[in-house]
């Protein structure tokens, strides 16, 4: 009887142990903790430091330095040796700067919308007097913006292409006034970036694309053709200004000190 009781008790204990080690469908035993990597002299910060490219690390270490309300310097940049029917870019090298605004593209209304953004103290534009001829990087523009006593540099550019119907690649030359009727599709993408004048920190970017379609038989001179280009760019710029409000709201939220807080801090 004693042996039977002992055997029965052993069976019950073994069954309980079996159920508690993973076969119980009504419970789950979580895995154990990870090894403490500091034991091996490795920390996440060390890993990031070792694996981050030097140039990337340099960009990540930049910190915003602008004060708010901020003065903004606006500059339109285009490719080297850029020229349209009305304006030519200033400078040579990595890019050129269009220093004369095209009021049919960058209208006074759109510029005023930028000026009316929260925590914007004022706007300024660069001109040839304060720009060098050799343009290599953002440094030349930031130096010009600093001369104007602005804290943030707003750069924007247009990437505009003409496409013949049934052709996927852009056309470098458009022929009009001769031959059969063709539709030309003009696509313009306006891109912008907000940079800190002091160190080039990028606060945010924005982009917008517009299209304009025009039959070639409606063009009888270069002015008419270029007018269609300006319409596409004007639409893209209008959308770009709207898109800019989103990163700017983030800039103000993250970096602008409310006047009441500033007064208390003083």
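None of the figures in this text is laboratory data; all of them are computed from the coordinates on show. This is a predicted model, so every value here is computed, not measured. No Cβ is skipped: glycine too gets one built from the backbone with ideal geometry, and neighbour counts run over all protein chains shown.
At a glance:
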| quantity | calculated |
| --- | --- |
| Estimated distance in nm for a label pair at residue 62 and residue 211, the labels positioned 7 Å out from Cα along Cα-to-Cβ | 3.4 |
| Label-point separation in nm, residue 147 to residue 164, each point 7 Å along Cα→Cβ | 4.5 |
| Linear extension gain, residue 104 paired with residue 86, 0.36 nm per residue minus alpha-carbon span | 5.3 nm |
| Fewest-first ranking of 102, 138, 226, using other Cβ atoms within 10 Å as the exposure measure | 226, 102, 138 |
| Taking 142, 185 and counting other C-beta atoms within 10 Å, the order from fewest to most | 185, 142 |
